[in-house]
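The block underneath contains the structure these notes are about, expressed in structure tokens.
Any read-out appearing in this document is the output of simple, stated calculations on the displayed coordinates, not a laboratory observation. This one's a predicted model, so the numbers in the text were calculated from it and none came from an experiment. Cβ atoms come from the backbone with ideal geometry, glycine included; neighbour counts cover every protein chain shown.
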């Protein structure tokens, strides 16, 4: 399904959830990746939730999406990070 099928008007604040295998330094990698795509991204706006056994962690972010291609580019870059299992 394409983003455009949801009638999203760009630019917009676009929510993304990233599910990862927990490891040291992961949050900084996520922030660096998102900041590369959104220069106005503020680290403190990201939320983090740890799994019950601390094996997995999820990050919720809002980034300023300029187009559908912009969202796809961020998605692809996030998927390149070791430990990232799913990007929604």
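How much length is gained if the chain between residue 39 and residue 52 is pulled fully straight, taking 0.36 nm per residue apart and subtracting their Cα-Cα distance, in nm to one decimal? Show your work: numbers first, answer last.
Details: separation 13, 0.36 × 13 = 4.68 nm, distance 3.30 nm.
1.4 nm is the gain from fully extending residue 39 to residue 52.
Taking the Cα centroid of the stretch 16-44 and of the stretch 59-88, what is the distance between the two, rounded to the nearest whole Å?
Cα centroid to Cα centroid, the span is 9 Å.
Quick one: angle between helix 26-37 and the longest Cα principal axis of the chain, in degrees between 0 and 90, rounded to 10, please.
10
If the chain between residue 9 and residue 82 were fully stretched, how many nm would it gain, using 0.36 nm times the residue separation less the Cα-Cα distance?
Once the chain is fully extended between residue 9 and residue 82, it gains 23.1 nm.
Along each principal axis of its Cα atoms, how long is the stretch 7-87 end to end? Whole angstroms, biggest number first, please.
39, 23, 23
To test your reading of the geometry: what angle, between 0 and 90 degrees and rounded to tens, separates the Cα axis of helix 68-79 from the longest principal axis of the chain?
10
Output the peptides 22-30, 63-71 sorted from most to least packed, where packing is the average of other Cβ atoms within 10 Å over each peptide's residues.
So the peptides 22-30, 63-71, ranked by packing, come out 63-71, 22-30.
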